[in-house]
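Okay, structure first, notes after.
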Amino acid sequence: MQIRKLIQSDSLDLFSWRNDELSRRMFKNTALLNLEDHEKWFEATRIDPNKYLLIGFDQNEKVGVCRFDLKIDEKIAEVSINVNPKLRSKGFGQELLKKSL
């Protein structure tokens, strides 16, 4: 698996994965997101120096996203992983986290 920072063209994939029914059950906010709100979140997160958005690829297919939200004062990072719904249950989540670290 290869890892890189997310770019604007990844936004629609994240939007689709985030609105997947199983994905929504795992989030604090389980509601469907609209594209406008997602785009605002994506851009704000992408430019925030305390957040890192990384995407994993396996054989040129997008596997999933790993996000680190740094909490500098607490010296911790909150981690969020969302695997491409088509590729779930194949062990990609663990590999995505290891490679992202």
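Taking the range 31-49 and a reference point 7 angstrom along Cα→Cβ of residue 70, the backbone N atoms nearer than 15 Å belong to 45-49. Probing with 1.4 Å while keeping every protein chain in the model, the per residue accessible area of the chain equals 66 Å². Using a probe radius of 1.4 angstrom, the carbon and sulfur fraction of the accessible surface of the chain is 52%.
Dividing the C-alpha radius of gyration of the chain by 2.2 N^0.38 Å, with N its residue count, gives 1.03. Temperature 20 °C, viscosity 1.002 mPa s: under these conditions the Stokes-Einstein estimate for the range 19-58, based on its Kirkwood radius over C-alpha pairs, is 182 µm² per second.
The values are calculated or read from the model by the stated rules, or taken from the named source; none is laboratory data. The structure presented is a predicted model; accordingly, all values stated were derived computationally and were not measured. As a convention, Cβ positions derive from the backbone with ideal geometry for all residues, glycine included, and neighbour counts pool all protein chains shown. Just so you know, the surface numbers come from the protein's heavy atoms only, side chains and all, with ligands and any DNA or RNA stripped out. Shrake-Rupley method; radii C 1.70, N 1.55, O 1.52, S 1.80 Å.
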